[in-house]
Amino acid sequence: MELRTLDRQGRFYRGTLHIHTTVSDGELTPEETKRRYRENGYDFIAITDHNRYGVYREPGEDDFLVLPGTEIDCVYQEQVHHIVGIGTEENTFPHGYRFEGLKDRHPQELVDVLTGHGNIAVYAHPFWSYCDPELLLRLRGLTGMEIINYSCEQTWRSGLGEVHYEYLLSHGSRLWCFGADDAHGHSPDYFGGYIMVKAGSLSREAVCDAIRRGSFYACYAEPGESAPEIYDFRVEDGMAKIDCSPARTIYLNVSRTCYRSLHGTEAEPVTHHEFRLPENARRVRAIVKDFRGHVSWTQPIAI
Ligand SMILES: [Zn+2]
Ligand SMILES: [Zn+2]
């Protein structure tokens, strides 16, 4: 029997789903933002200005996809929460829609507003927000959380959500992990956090469906560089198996007491790792690190 989240068929597309423009507090216009990402080898982006909905889809643009989106926020019991919404084909927010009256609501209401209008909801930068992981664990309807938010990482090194993510998984959560730029342009925060989505085509429907199924992995690399490529990750007859580009370390993690890491050198990098899972394993995920410290995270495979 084989288990996987990455589709067998299709190809990988590179994108980031959290960017600000001059519509809120970003430095570049939406047009300039699209141009820069396209020039830097991206296949898709979402423009997600604060508390405004943005739909920037233009007919005839088949080789670069701009997903509709927003980022909405609240302060509940002195705790700030930011939630990114990505518009699927079912999105019902019009371009320019302003979110009002949400500032003092519970974050669950923000998630419900987004999902109720056909959006994928992603919890943004949990470290930057000082998010209580217990609260995050109780939110319903999220598709995932940012495991790397490049802008937070660049501005004050609060972009990594690894501790939050492992906490959630260890308590039974099935959220996916995302890499995102959250680019504003005030600091060099473009092209560092992204996802690689495996889908049959570069359409909104195909990319959003792939994201919902977990057919993607999250990446963190410095601008102009790429994080390790994950070619495939699966569980075959009780064995977790990963194939990737030449790497320094491959981690296969079940829990804090059950894992197998494999280490290479620049002369002999590692590109494959496998591990027979114990009977009681409930999930497994992989993390790959290269020789420059760039990291890719698979989604967890539920067993
Ligand atoms: Zn934010
Ligand atoms: Zn943001």
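Restricting the count to DSSP beta bridges whose residues both fall in the stretch 32-90, what percent are antiparallel, rounded to a multiple of 5?
Just about 70 percent of them are antiparallel.
Can you list which of the chymotrypsin sites (Phe, Trp or Tyr not before Pro) found in the stretch 116-195 are DSSP loop residues with at most 15 other C-beta atoms within 10 Å?
Filter output for the stretch 116-195: Y130.
Given R₀ = 41 Å, what would the calculated FRET efficiency be for R98 paired with A267, taking r from the Cβ atoms and rounding to 0.05?
0.10
Could you line up I148, I120 from fewest to most neighbouring Cβ atoms inside 10 Å?
Final ranking by Cβ density, sparse to dense: I120, I148.
Note down the relative contact order for the chain as a percent, whole number, built from C-alpha pairs under 8 angstrom at least six residues apart.
In percent, rounded to a whole number, it is 17.
Using 0.36 nm per residue of separation minus the Cα-Cα distance, give me the extension gain between D132 and D232 in nm, one decimal.
Stretched out fully, the D132 to D232 stretch lengthens by 32.7 nm.
Treating only the Cβ atoms of Lys and Arg (+1) and Asp and Glu (-1) as charged, compute the dipole magnitude of the stretch 231-296 about its Cα centre; round to the nearest 20 debye.
380
Would you mind pulling out the separation of the Cα centroids of the stretch 22-72 and the stretch 97-138, in Å?
Each part reduced to its Cα centre gives a spacing of 21 Å.
With unit charges on the beta carbon (Lys/Arg positive, Asp/Glu negative), name the residue among L65, L168, F191 whose Cα is farthest towards the positive pole of the charge dipole of the chain.
It is L168, whose Cα lies furthest towards the positive end.
For K241, list the lysines whose Cα falls under 27 Å from its own Cα; do not include residues on the same chain fewer than 8 positions away.
Output for K241: K198, K289.
Could you calculate the contour length gain from D25 to R157, that is, 0.36 nm times the residue separation minus the distance between their Cα atoms, to one decimal place in nm?
This chain segment gains 45.5 nm when fully extended.
Please sort 274-281, 67-74, 196-203 by packing, taking for each peptide the average over its residues of neighbouring beta carbons within 10 angstrom, highest first.
Ranked by mean Cβ neighbours within 10 Å, highest first: 67-74, 196-203, 274-281.
Rank-order 204-211, 235-242, 89-96 by packing density, defined as the average count of other C-beta atoms within 10 Å over each peptide's residues, highest first.
204-211, 235-242, 89-96
How many nm separate the modelled label positions at Q79 and N40, each set 7 Å beyond the Cα in the direction of the Cβ?
Between Q79 and N40, the label points sit 3.2 nm apart.
Mind checking the dipole of the stretch 7-227: about its Cα centre, +1 per Lys or Arg Cβ, -1 per Asp or Glu Cβ, Debye to the nearest 20?
Dipole size: approximately 540 debye.
Computed from the coordinates by the stated procedures, all read-outs in this text should not be read as laboratory data. Only a predicted model underlies this, so the values are computations on that prediction, with no experimental measurement involved. Methodologically, a virtual Cβ is constructed for each residue, glycine included, from the backbone with ideal geometry; neighbour enumeration extends over all protein chains shown.
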